[in-house]
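Take a look at the structure below.
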Amino acid sequence: MERFKVPAQVLGLIAVLLLFFISLELMGDSFKLMGSGFADSLLKTTSNPFVGLFIGILATSMVQSSSTVTAMVVGVVAGGGLTVAGAIPIVMGANVGTSVTNTIVSLGHITRKDEFERAMGAATVHDFFNLIAVAIFFPVELTTGFLSKAARGLATGLSDMGGAELLNPVTVITQPVADVVISFAADNGIVILGIGVVLLFVSLRYLVVLLRLLLLGRSERIINKYLFGPAPLALLFGVLVTIMVQSSSITTSITVPLVGAGIVTVARIFPFVLGANIGTTVTALLAALVLAGGGDAEGMAALQVAFAHLCFNIGGVLLVLPVRQLRQIPIWMAENLGSLVAKNRAYAFGYIAAIFFLLPLLVIFATRNLDTSFYENDPVELQNSRPNNPSVPTP
């Protein structure tokens, strides 16, 4: 019977991983059912860059996918509903909002103090990196249009490549199951969210147990050597895995139970997470290449937005990862937050509510009437404005 032990554990791990992915699919679908219309309307509400930044955070937190929000932004820009300048801060905010999924995933470890401390650190290192990247690049973009200019050069050179469509193997497997559950719940977003959360907690509990059984010893050394090994290799794996599953939420969420189980550390997963940040830009980039195929101004503007997202994520990695002092900041912040929430679990819920929902709502309503826009004297932005709409300034 001993020889069947490992194969049985592997099959069990595959089954639990599928359950985990199904729970993420259901949670994402529930937020889309409850908030996609609201998110879509949010994207078109303002050209104020400060409001746009927090709209990106809020909209992505609601639909649980930065790929979805950035693809929506690209579509809105291509349709003339938003300028390139107005879209870039929304894309920056989407980068922050996408990490809400793995932060919620970390709550599955909340009943086990040490595990929860590690899991929260793993989940929020993505948050803090994105917040640091926004703190650096947002004012630079606001004052110089650096991302817009870089993206414009790439868009001009690559607009004739056309688009492509990637097969998402995770969605192919999990979406049919999620569709059955959604049909059973009569498209009730709250019920679907509840089912997703229950499945998440169950899958995480057994995922941690099985990972500990399978990855101790030699397997654990292999994972640390390759998947979370040297920073360039781990970064590349993060990019490739995220491109394959087309979701940074899935890629980064997988790291949470690994750190929670004590198999890897927050510092080890950090380059992998940054790779996922880059890989998540592919969906919107492919959509934009399709829209830019005709060579019209709107399609070119959409392509510029997608390239701005790519430049923003690559720029953040190039700025933070090679410099040890900068690299340690998000890791230190995440580990300290993990220690804090382990002492008082209520802080975890307060963190999620404040960063991803309450603060964005407060800023949006407090500053929505401010007359602020990007690059009023900058002639390099691709023209994609609506002259007949006074709320969208033309350069």
Q) Under a plain spin-label model, where a point goes 7 Å from the Cα along Cα-to-Cβ, how far apart in nm are Y347 and L319? A) 2.7
Q.
Between V10 and I329, what is 0.36 nm times their sequence separation minus the Cα-Cα distance? Round to one decimal in nm.
A. 111.2 nm
Q | With all protein chains modelled, accessible area of D179 [1.4 Å, Å²] | A | 80
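Assuming a ≥ b ≥ c are the square roots of the Cα gyration tensor eigenvalues, decide whether region 226-368 counts as rounded (a/c under 1.5), prolate (otherwise, with a/b larger than b/c) or oblate.
Numbers: a/c = 2.14, a/b = 1.32, b/c = 1.62.
In terms of gyration-tensor shape, oblate.
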Q. What nm value, rounded to one decimal, do you get for the distance between K113 and A135 when each label is placed 7 Å out toward the C-beta?
A. 3.0
Q. Taking a 1.4 Å probe, which of F272, F365, F184, F21 shows the most accessible area, and what order do the others take after it?
A. F184, F365, F21, F272
Q.
Taking the full set of protein chains and a 1.4 angstrom probe, give the accessible area of M333 in square angstrom, rounded to the nearest 10.
A. 60
Q) Excluding ligands and nucleic acids, what accessible area in Å² is computed for F54 using a 1.4 Å probe, to the nearest 10? A) 40
(Q) Report the Rg/Rh value for region 45-128, based on alpha-carbon coordinates and the Kirkwood definition of Rh. (A) 1.13
Q: Report, by chain and number, residues whose modeled amide H sits under 5 Å from the one on G229, excluding near sequence neighbours (fewer than 5 apart, same chain).
A: A234
Q.
In Å and on Cα atoms, what radius of gyration and Dmax does region 89-151 show?
A. 15.3, 48
Q) Which ³J(HN,Hα) values in Hz, rounded to whole numbers, follow from the phi angles of region 130-136 under the Karplus curve 6.51 cos²θ - 1.76 cosθ + 1.60, where θ = phi - 60° and Gly and Pro get x? A) 5, 5, 5, 4, 5, 4, 7
Q: Please work out the FRET efficiency for the pair S339 and V209, using the Cβ-Cβ distance as r and a Förster radius of 22 Å; give the result to the nearest 0.05.
A: 0.35
**Q.** Calculated from backbone phi, Karplus (6.51, -1.76, 1.60) coupling profile of region 87-100 in Hz, x at Gly/Pro
**A.** 7, 4, x, 5, 5, 4, x, 4, 4, 6, x, 5, 7, 5
Q) Put L362, L310 in order of accessible area, largest first, 1.4 Å probe: what do you get? A) L362, L310
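The values are calculated or read from the model by the stated rules, or taken from the named source; none is laboratory data. Bear in mind that the values here come from a model prediction, so they are computed numbers and not experimental data. Cβ coordinates were reconstructed from backbone atoms using ideal geometry, including for glycine residues, and neighbour counts include every protein chain displayed. The protein model used for the area step is the full one, side chains on, heavy atoms only, and it has no ligands, DNA or RNA in it. Shrake-Rupley method; radii C 1.70, N 1.55, O 1.52, S 1.80 Å.
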